[in-house]
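This report refers to the structure that appears directly beneath it.
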Amino acid sequence: MSTKKYAVIGHPIGHTMSPFIHKRLFSLQGIEAEYTKIDVAPEDLADEYKNVLSRLDGYNITIPHKQNIIEQIDKIDDKAKMYGSVNTVSNVDGIATGYTTDPDGFLKALEAAGIVLEGRIVILGCGGVARTMAYEVVLKKQPLLFAVRKEDVEIAKHLCEEICQAIPSAKVSFCLIDELSGNIDVLINATPIGMYPKVESVPVTDEIIDSCAAVFDAVYNPLETLLIQKAKANGAKAVGGMSMLVWQAVVAHEKWYGAKFDPKDIERLCIDSAEELKKHFDK
């Protein structure tokens, strides 16, 4: 059997956890596969697709190609179409199909941590990561509140309008982060606050953290941010962004060849990935 060939493309590609994570996933499945990283400048995407990418068995896409790759491939699934973004492509029998695995990675990370998207759900921030999570919340018919900085109010307003236009039944609103109060069933941090090296920072007060039954932090370096540590100390269910990063890679393998993984193996991979990332930053 010939060795399968996969890659991640981006520009600049720099340090990426994708090779480490995907090589482990192939190993867990007993599959012989190459996984490389390819730096592709935006102006070279069409040529690279024709000469290199179309010959791979599959590949992942990161910034800045998640939208422009859509013009090159043959088709995209419904979720990728809704998000207008593709981060995984599967090449089967000459047909290139695009997917977005980030939303399912988010949902699987929550599921693995025993967190249910129900009740009063608050997302801190209103950028691209927040947008992905917001759609998954409203698709589950749950009300959603964005808590944002004063300078992001207009962005939050437009995002709420976009979501309501796409999903008319959506119940979304926003407030200033300083005005956030009351009990919260699920708090989602979609800001970079708490990320290495500023690991002593938290996006909300201890009073807010005390009011949360569950917390998801999109930050994946460190493995457990101070927000996650404080939430766990209160007895809340809490999980960080490394879980989402690994689970979205798992979904890519499901799309590529129908893989099935033991959640305990994925939990171990999250810990090992955090250690691998730490080695990089400790250099």
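Rule-based calculations on the coordinates, nothing more; no lab input. Computed from a predicted model, the values in this text were never measured in an experiment. Backbone-built Cβ (ideal geometry, glycine too); neighbour counts: all protein chains shown.
Tabulated data for the structure shown
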| quantity | calculated |
| --- | --- |
| Karplus-derived 3J(HN,Hα), 6.51/-1.76/1.60, for each residue of the range 258-267, Hz, glycine and proline x | x, 5, 10, 10, 7, x, 5, 5, 6, 4 |
| With 5 Å bins from 0: P(r) over the range 168-247, alpha-carbon pairs, percent | 3, 16, 26, 24, 17, 9, 3, 1, 0 |
| Under 5 Å, built H, 5+ apart or other chain: amide partners of F146 | I123, S173, F174, C175 |
| Debye, to nearest 20: dipole size of the range 165-283, +1 on Lys, Arg Cβ, -1 on Asp, Glu Cβ | 360 |
| Space enclosed by the convex hull of the alpha-carbon atoms of the range 49-150, per residue, Å³ | 119 |
| Listed residue (Y49, Q248, M133) projecting farthest to the positive dipole end of the chain, Cβ model | Q248 |
| Net charge of neighbours whose Cβ lies under 13 Å from the Cβ of V148, counting Lys and Arg as +1 and Asp and Glu as -1 | -1 |
| Placed amide H near V8: partners under 5 Å, 5+ positions off or other chain | T36, K37, I38, N60 |
| Distance histogram for the chain (every C-alpha pair counted, 5 angstrom bins, percent rounded to whole numbers) | 1, 5, 12, 16, 18, 16, 14, 10, 5, 2, 1, 0 |
| Label-point separation, D262 to I31 (7 Å along Cα→Cβ), nm | 1.9 |
| Normalised convex hull volume, the range 104-240, alpha-carbon set, Å³ per residue | 96 |
| Over 21 Å (Cα to Cα) - which of K157/K198; K232/K260; K108/K237; K81/K140; K4/K260; K79/K140 fall in this group | K157/K198; K232/K260 |
| Cut-off 12 Å between beta-carbons: net charge of the residues surrounding L226, Lys and Arg +1, Asp and Glu -1 | -1 |
| ³J(HN,Hα) computed for each position of the range 156-161 - Karplus, 6.51 cos²θ - 1.76 cosθ + 1.60, integer Hz, glycine/proline x | 5, 4, 5, 5, 4, 5 |
| Mean residue ellipticity (222 nm) of the chain, computed from DSSP H runs ≥ 4 via -39,500 (n - 2.57), nearest 500 | -12000 deg cm²/dmol |
| The chain - charge dipole about Cα centre, Lys and Arg +1 at Cβ, Asp and Glu -1, debye rounded to 20 | 360 |
| For the range 104-240, size of Cβ-based charge dipole, Lys and Arg +1, Asp and Glu -1, in debye | 240 |
